[in-house]
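A quick write-up on the structure given underneath.
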Amino acid sequence: MSTDAILACTRIYLDIDPTVPVSMTPIKKGASGRTIVRVLSKGRDPFIGIHWKPERPDSENFVPVGRFLKKCKLRVPEIYYENRNKRVALVQDLGDVDLLSMKDRPFAERKAYYRSALEQIDQLFYARPPKELELMPAFDESLYRWEQEYFMEHLVEDYLGMDSAPLKRSEELRALAKGLGATAKHLVHRDFQSQNILLHEGEAWLIDFQGLRRGRQEYDLASLLYDPYMDHSADDRESILDLWEQISEDRPAERTLRDCATQRLMQALGAYGNLVENKGDEWYLPYIPVAARLLDEVVAGTPLQDLLAPYLRQAMRSR
């Protein structure tokens with residue numbers, strides 16, 4: 001069992017025998033398919049135990065990517081111990097307060113954390129991974145197309161029970177994937193949203209970075225701006241963009257940001273549909289209409305508006 005592997009590694013790391021009590025509290029958060037627990041033993045600081053299964057190839061990247069990011073002085077949890085054979089890592093406990101927990105606070109109270117988080121992806125721009133570091137495949141036309149098909153399969157077909165054939169035939173969607181896939185220069189987190197930004201010691205820290213790869217920096221930015229968990233107002237999105245412009249001394253091209261937001265929201269909706277319909281995780285259910293509404297706003301006035309409209313209307317009315 002996953003917890004048995006974490007316990008065995010904990011005893012090795014702490015150098016304690018089987019008579020010493022160790023408690024593990026599950027952390028039920030995210031959809032990475034990993035087992036994550038908070039480990040406590042008397043007289044020791046708590047830390048986080050993570051166990052992953054071989055079905056998710058990105059999970060194997062967690063430790064090497066984490067060490068690379070730490071070397072680049074990004075704010076990520078320190079990795080104390082790893083056992084590749086048991087697929088276990090023991091890492092720094094950053095607490096339970098994430099950006100999502102600040103959702104109901106005025107933006108003025110959240111602003112410093114957004115600045116802190118955006119500084120991290122700006123730092124990624126300058127990071128140079130060593131040749132031996134194996135990342136997940138870069139964003140290219142095929143990966144963007146896979147995200148679109150994930151949306152078609154799990155949101156449209158599985159969750160909504162609708163015919164996705166018009167989407168599969170769409171030249172506009174193929175053109176979107178091709179256009180975005182033409183360049184993949186920067187390192188991107190790939191899941192840069194409120195649950196993966198922990199607030200610790202007054203700063204934003206990144207977690208769940210195992211999907212790190214090359215892609216468009218605007219994809220990460222769109223993930224934060226159009227995060228269905230936070231459901232930012234237009235004013236808040238503009239404030240976040242202003243922060244980004246101050247940090248990066250650049251403002252993303254409107255069309256590129258819109259295209260990245262379209263892709264990201266389709267990916268998120270596909271994930272929610274899969275988690276609700278096939279994994280039985282109804283925690284994600286309320287976010288389907290939110291993400292559908294955001295996507296509807298993003299594609300308004302574009303060739304994708306009429307194509308996506310019937311699916312998004314149904315998703316916004318969904319249970």
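The values are calculated or read from the model by the stated rules, or taken from the named source; none is laboratory data. Just so you know, these numbers come straight off a predicted model, no measurement behind them. Reconstructed Cβ throughout: ideal geometry from the backbone, glycine too, with neighbour counts over all protein chains shown. All accessible areas refer to the heavy atoms of the entire protein, side chains included, with ligands and DNA or RNA removed. Shrake-Rupley method; radii C 1.70, N 1.55, O 1.52, S 1.80 Å.
Here are the numbers for this structure:
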{"item": "Every pair of residues 6+ apart whose Cβ atoms lie under 6 Å, when the first sits in region 156-176 and is within 13 Å of Ala315 (Cβ to Cβ) while the second is part of a loop (DSSP other than H, G, I, E, B)", "result": "Val156/Met162; Val156/Ser164; Glu157/Ser164"}
{"item": "Leading residue by the ranking (nearest to Gln120 (Cα to Cα)) among those in region 211-231 that are open to solvent by 10 Å² or more (accessible area, probe 1.4 Å) and either free of Cβ contacts under 8 Å to residues at least 60 places away in the same chain or among the polar types (S, T, N, Q) (or both)", "result": "Gln217"}
{"item": "Ser239, sole failed condition from (1) of a type outside the set (A, V, I, L, M); (2) without any contact (Cβ under 8 Å) to a residue 60 or more places away in the chain; (3) open to solvent by 30 Å² or more (accessible area, probe 1.4 Å); (4) part of a helix (DSSP H, G or I)", "result": "(2)"}
{"item": "Residues located in region 1-27, provided they are under 15 Å from Gly43 (Cα atoms) and in a helix (DSSP H, G or I)", "result": "Thr10, Arg11, Tyr13, Leu14"}
{"item": "Matching residues, region 141-183, being within 12 Å of Gly215 (Cα to Cα) and touching a helix residue (DSSP H, G or I) at 6+ places or on another chain (Cβ under 9 Å)", "result": "Glu141, Leu143, Tyr144, Leu180, Gly181, Ala182"}
{"item": "Residues satisfying the stated conditions in region 130-183, i.e. of a type in the set (Gly, Ala, Ser) and in a loop (DSSP other than H, G, I, E, B)", "result": "Ala138, Gly161, Ser164, Ser170, Gly181, Ala182"}
{"item": "Yes/no for Ala309 being touching a helix residue (DSSP H, G or I) at 6+ places or on another chain (Cβ under 8 Å), free of Cβ contacts under 8 Å to residues at least 60 places away in the same chain and either buried (at least 20 other Cβ atoms within 10 Å of the Cβ) or assigned to a helix (DSSP H, G or I) (or both)", "result": "yes"}
{"item": "Some residue of region 206-229 being hydroxyl-bearing (Ser, Thr, Tyr) and in a helix (DSSP H, G or I)", "result": "yes"}
{"item": "Answer residue from region 144-174, given it is of a type in the set (A, V, I, L, M, F, W, C) and buried (at least 19 other Cβ atoms within 10 Å of the Cβ) and is nearest to Glu249 (Cα to Cα) among those", "result": "Leu173"}
{"item": "Flag for Arg75 being at pLDDT below 95, in a loop (DSSP other than H, G, I, E, B) and closer than 13 Å to Gln92 by Cα", "result": "no"}
{"item": "Selection from region 49-72 of residues that are hydrophobic (A, V, I, L, M, F, W, C) and not in a loop (DSSP other than H, G, I, E, B)", "result": "Ile50, Phe62, Val63, Val65, Phe68, Leu69"}
{"item": "Test: residue in region 254-275 that is in contact with a Pro (Cβ under 7 Å, 6 or more places away or on another chain) and of a type in the set (D, E, K, R)", "result": "no"}
{"item": "Region 186-205: number of residues that are more than 17 Å from Met230 (Cα to Cα), part of a loop (DSSP other than H, G, I, E, B) and either open to solvent by 30 Å² or more (accessible area, probe 1.4 Å) or free of Cβ contacts under 8 Å to residues at least 60 places away in the same chain (or both)", "result": "3"}
